[in-house]
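The values are calculated or read from the model by the stated rules, or taken from the named source; none is laboratory data. The shown structure was predicted, so the numbers you read here are calculated from the model rather than taken from an experiment. Methodologically, a virtual Cβ is constructed for each residue, glycine included, from the backbone with ideal geometry; neighbour enumeration extends over all protein chains shown. Protein only, heavy atoms only, side chains kept; ligands, DNA and RNA dropped before computing areas. Shrake-Rupley method; radii C 1.70, N 1.55, O 1.52, S 1.80 Å.
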Amino acid sequence: MKIDSSNTSQIAALQEAAQQRATQADAQATGSNSTVSLSALSTDLRTSGSADIDTAKVASIKAALNDGSYKVDSGKIADGMLSSARELMQTNTPPAGG
């Protein structure tokens with residue numbers, strides 16, 4: 001599984017903006033009603049992200065963790081990390097002589 005850094009940076013930016021808004025709202029709070037508006041990107045991220053989660057698999061992993069039967073294949077994890085690192089090095093390495 002490859003993590004798309006563009007989505008994580010967008011999520012981080014949205015979280016930071018939300019934190020700033022919350023801080024501003026706390027500073028201006030006078031007990032009156034407040035409204036919050038989210039961008040379309042925020043709505044898209046929330047709705048599209050839930051479709052990528054296999055809740056049945058998550059539940060089975062949680063159950064295996066709770067009863068101690070979950071086994072980690074460290075070799076598979078290492079292979080995946082090395083593969084991702086190779087991909088990143090190939091895409092981020094400038095051509096020779098440039």
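Here is how the numbers come out for the structure above:
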| item | result |
| --- | --- |
| Residue selected from the stretch 46-55 under the condition open to solvent by 70 Å² or more (accessible area, probe 1.4 Å) and part of a helix (DSSP H, G or I), by the criterion modelled with the highest pLDDT | THR55 |
| Positions within the stretch 58-82 being among the acidic types (Asp, Glu), over 22 Å from the mean Cα position of the chain (by Cα) and assigned to a helix (DSSP H, G or I), in sequence order | ASP67 |
| Cβ pairs under 8 Å, 6+ apart, first in the stretch 15-35 and closer than 19 Å to ARG46 by Cβ, second open to solvent by 100 Å² or more (accessible area, probe 1.4 Å) and at pLDDT 75 or above | ARG21/VAL36 |
